[in-house]
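Any read-out appearing in this document is the output of simple, stated calculations on the displayed coordinates, not a laboratory observation. Keep in mind it's a predicted model, so treat the numbers as computed, not measured. Here the Cβ is made from the backbone with ideal geometry for all residues, glycine too, and neighbour counts use every protein chain on show.
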Amino acid sequence: MKFLIVDDSRAMQAIVRRSLQKAGYQDNDFKMADDGIMALEIIRQWEPDVVITDWHMPNMNGIELLKEIQAQMLDIKVGLVTTETSPARVLEAKQAGALFVLHKPFKLAEFQKAILPIVQGSVEGEALLNNHDGRKDTTEYDLQLPSVPSLRKILGGFTKKKYYCGSRW
C-alpha cells in the first residue's frame with residue numbers, strides 16, 4: 001500500500017509516518033509532500049492508495065487538495081490530521097470527501113482507530129451495509145444448507161468426540 005503524507009511540518013510528517021509504522025504498516029511505501037501542489041504532482045506520478053493531509057498549508061491547503069482529488073475522480077482515500085476542531089470545519093472536511101478528521105495532537109490508539117477501516121477497505125463495505133434496504137431483497141437463489149452427514153463430519157472435526165445419532169453412537 002502507498003501512503004502519501006502531506007504536511008508543511010517535517011516533524012508532523014515524521015509523526016504520521018511513525019504512527020503508521022507502529023500501527024503495523026511499516027512494510028508499505030511512503031512519500032512526503034509539503035503542500036497540496038506538491039502532493040498533486042506526486043499523486044499524478046506515484047498514484048498512492050491513501051493520502052493523509054494537514055488542513056493548513058501554504059500554496060494549497062488540505063481541503064483544496066481533497067476537493068481537487070474529488071474533482072479529478074481519483075480513487076484515493078483521504079484523511080485529515082489537523083488542528084481544526086470546530087464541528088463546522090469537521091463537517092466541511094467530511095462533505096468534501098475526507099474519510100476521517102483526526103485532531104492534533106493525537107494518541108496512537110485514536111490514529112489506529114481512524115486509519116484501520118481505511119486501509120482494510122471496510123469503508124466501502126460499511127457504506128454498502130448502511131445503504132442496504134432489507135425490504136428490497138433481490139436475491140434470486142435459495143440458501144443451500146449442508147447435508148446432515150456433512151454437518152456431522154464438520155461437528156465431529158471440531159469436537160473430536162463421538163456424537164449420538166438416533167439410536168446409535
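Quick look at the numbers
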quantity: Environment charge of residue 58, counting only residues whose C-beta is closer than 10 Å and scoring Lys/Arg +1, Asp/Glu -1; calculated: -3
quantity: Residue 102 long-range amide H proximity, modeled H, under 5 Å; calculated: 80, 81, 82
quantity: Approximate spin-label separation residue 10-residue 27, in nm, with each point projected 7 Å along Cα-to-Cβ; calculated: 3.0 nm
quantity: 5 angstrom amide H check on residue 60, placed H, neighbours 5+ away; calculated: 36, 37
quantity: Length-normalised contact order for the range 1-104 - Cα pairs under 8 Å, 6+ apart - percent; calculated: 25 percent
quantity: 19 Å cut-off, amide nitrogen to a point 7 angstrom out along residue 112 Cα→Cβ, residues in the range 5-48; calculated: 15-28
quantity: Hull-based mean projected area of the range 11-84, where the convex hull spans the alpha carbons, in square nanometres; calculated: 4.9 nm²
